Amino acid sequence: MNNSGTKQEHVLIGKIVGIHGIKGTNKLRSYAESLSVFSPGRSILVRDLRGREASYEIHWVKPHTGTPLVSFKGIANRDQAKTLIGAELFIPQSELPELDEDTYYWYDLIGIEVVTVTGESLGRIESIIETGSNDVYVVKSNETEVLIPALESVVLEIDLEHKRMQVDLPEGLD
C-alpha cells in the first residue's frame, strides 16, 4: 500500500487511545482545536497499527472527562472497538476549514527551517508545544534544541513556499 500519497492528501486529526463501555465506543485523542471536525456523518480515514486503511463514518462524538468519545457506524461492540486502539484518524486536507491570515496549521510548520534576522540557521521545527497562552516551537539542529515562543514580536515572517521562518530571538535565547 502506498502511504506516501495518503500523507500529502490527508491530515492526521486524531488517534484512538482506548475503549469505553461495551457498545463499541472508542476513546479519542483529538489533534484538532475543536471536536467539530469529527461531525456525525463525516467519513474518516482510519489507519491501524499495521498500516491498513479503511473508511469509517462517524455516528457521534462527545466530550467525556478529558478524553472525548467517538462512535463509528458498524462498530457495535467492545471487541470491534478494541481492534481500533492505536489507529490514526485522517481527513482530506481539502476539508480543513480556511484559516485567518497569519494563522497556520501545525502540519504546515513542522519541518520548516528557522533562521535569525542575521541569517543564522537555528534548525528545523520538530514539534510544537501548546502552552495555553501561546504555542512554543521546538527547533532542533544537530547540536542544539531551541524553544521559540510563537509571538508576533519573535516570529517576523513565515514563508511556507520556501519553508522558512525568520525570527528575532529575545534576550537569552540567542
* Asked: So, of the residues in the stretch 117-134 that are closer than 17 Å to Leu151 by Cα and out of contact with any strand residue (DSSP E or B) (no Cβ under 6 Å at 6 or more places or on another chain), which turns out to be modelled with the highest pLDDT?
  -> Val117
* Asked: Name the residues in the stretch 28-49 that are of a type in the set (D, E, K, R), in contact with a helix residue (DSSP H, G or I) (Cβ under 9 Å, 6 or more places away or on another chain) and assigned to a strand (DSSP E or B), would you?
  -> Arg47
* Val146 vs. criteria more than 24 Å from Leu12 (Cα to Cα), of a type in the set (A, V, I, L, M) and not assigned by TED's automatic domain parsing to the domain that holds Gly14 -> yes
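The values are calculated or read from the model by the stated rules, or taken from the named source; none is laboratory data. Just so it is clear, the structure is predicted and the values come from calculations on it, not from any experiment. Please note: Cβ atoms are built from the backbone with ideal geometry, for glycine as well, and neighbour counts cover all protein chains shown.
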